Amino acid sequence: MTQMQTILQTIGRSKVISIIRGIEQEAAPEVITALKKGGISCLEVTMNTNQSLAIIEQARNDESLFVGAGTVLDVNMARESIRAGAQFVLSPLLDTKVIEYCLSHDVLPVPGVFTPTELYRAHCAGAPLLKIFPAGSAGPQFIKDLLGPFKGMKLLPVGGVSLENTAAFMQAGSFAVGVGSYLANPELSKRKDWETITQRAKLFIERANQL
């Protein structure tokens, strides 16, 4: 089994990717530990977070975690994140060159798509997992509608995913969900409220498995 296949299977089992954005590097280990205690095994560190590459490198020291880079906008950013150890690469947009680069390095590409045409283009370019972004404004029914003509495609809603709609997104057919600042919350991090982060992680895992 390739690294890419392993990562894809792990995301499918865990069902929740915690997106780390705006967390200070000094606090990142504590945040990640709190998420892990809550059952999170898949992390996305956005490239617009200060010291994002250092956080990715640091997180990769824990072999029980699967670490990706987010907000990757071009091939250069993909290259940097993969050199830092990113095992999957997420983008808010569709760039087939990024998909090709990731595939050539056995790294899972997760392009951002929204329309049926974008979704099909990304699929044809070889992306096994497609990030539906922004998903919150469209809602779970949008996932179900997309899976009508595109049955079998693996969709990851991101943007506006909450405790209130996670179960509905999964029941609509999502492969997993990406959860942002409600989970790896910068304010909770500043207050060193690791317990709340852990409890929220547990709740998201629970909701994602309510099938």
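The values are calculated or read from the model by the stated rules, or taken from the named source; none is laboratory data. All values reported here derive from a predicted model rather than from experimental measurement. No Cβ is skipped: glycine too gets one built from the backbone with ideal geometry, and neighbour counts run over all protein chains shown.
In the range 180-211, what residues are of a type in the set (Val, Ile, Thr) and in contact with a helix residue (DSSP H, G or I) (Cβ under 6 Å, 6 or more places away or on another chain)?
Listed by number, the residues that qualify are Thr196, Ile197, Thr198.
Which residue out of Gln58, Gln51, Gln87 is touching a helix residue (DSSP H, G or I) at 6+ places or on another chain (Cβ under 6 Å), more than 19 Å from Ile197 (Cα to Cα) and not hydrophobic (A, V, I, L, M, F, W, C)?
Result: Gln87 is the single residue among Gln58, Gln51, Gln87 that is touching a helix residue (DSSP H, G or I) at 6+ places or on another chain (Cβ under 6 Å), more than 19 Å from Ile197 (Cα to Cα) and not hydrophobic (A, V, I, L, M, F, W, C).
Out of the residues in the range 36-57 that are within 14 Å of the chain's Cα centre (by Cα) and over 18 Å from Met77 (Cβ atoms), which is surrounded by the fewest Cβ atoms within 10 Å (Cβ to Cβ)?
The residue in question is Ser41.
Looking at the range 160-175, is at least one residue crowded, with 21+ Cβ neighbours inside 10 Å, modelled with pLDDT of 95 or more, within 30 Å of Asp74 (Cβ to Cβ) and of a type in the set (A, V, I, L, M)?
yes
Being modelled with pLDDT of 95 or more and polar (S, T, N, Q) is true for just one of Gln25, Gln3. Which residue is that?
On the way: Gln3 fails: modelled with pLDDT of 95 or more.
Unique residue meeting the criteria: Gln25.
Just give me the residues in the range 161-211 being among the polar types (S, T, N, Q), within 16 Å of Arg21 (Cα to Cα), touching a residue at least 40 places away in the same chain (Cβ under 8 Å) and part of a loop (DSSP other than H, G, I, E, B), in sequence order.
Ser181
Considering only residues that are crowded, with 17+ Cβ neighbours inside 10 Å and not hydrophobic (A, V, I, L, M, F, W, C), look in the range 58-78 and name the one that is farthest from the chain's Cα centre (by Cα).
Gln58
Has the range 149-156 got at least one residue that is in a loop (DSSP other than H, G, I, E, B), under 24 Å from Ile7 (Cβ atoms), charged (D, E, K, R) and touching a helix residue (DSSP H, G or I) at 6+ places or on another chain (Cβ under 6 Å)?
The answer is no; no qualifying residue exists.
Just one of the numbered conditions (1) under 26 Å from Glu100 (Cβ atoms); (2) touching a residue at least 12 places away in the same chain (Cβ under 8 Å) is not true of Gly152; which one?
(2)
What is the one condition in (1) under 23 Å from Ile19 (Cα atoms); (2) in a helix (DSSP H, G or I); (3) of a type in the set (S, T, N, Q) that Ser137 does not satisfy?
(2)
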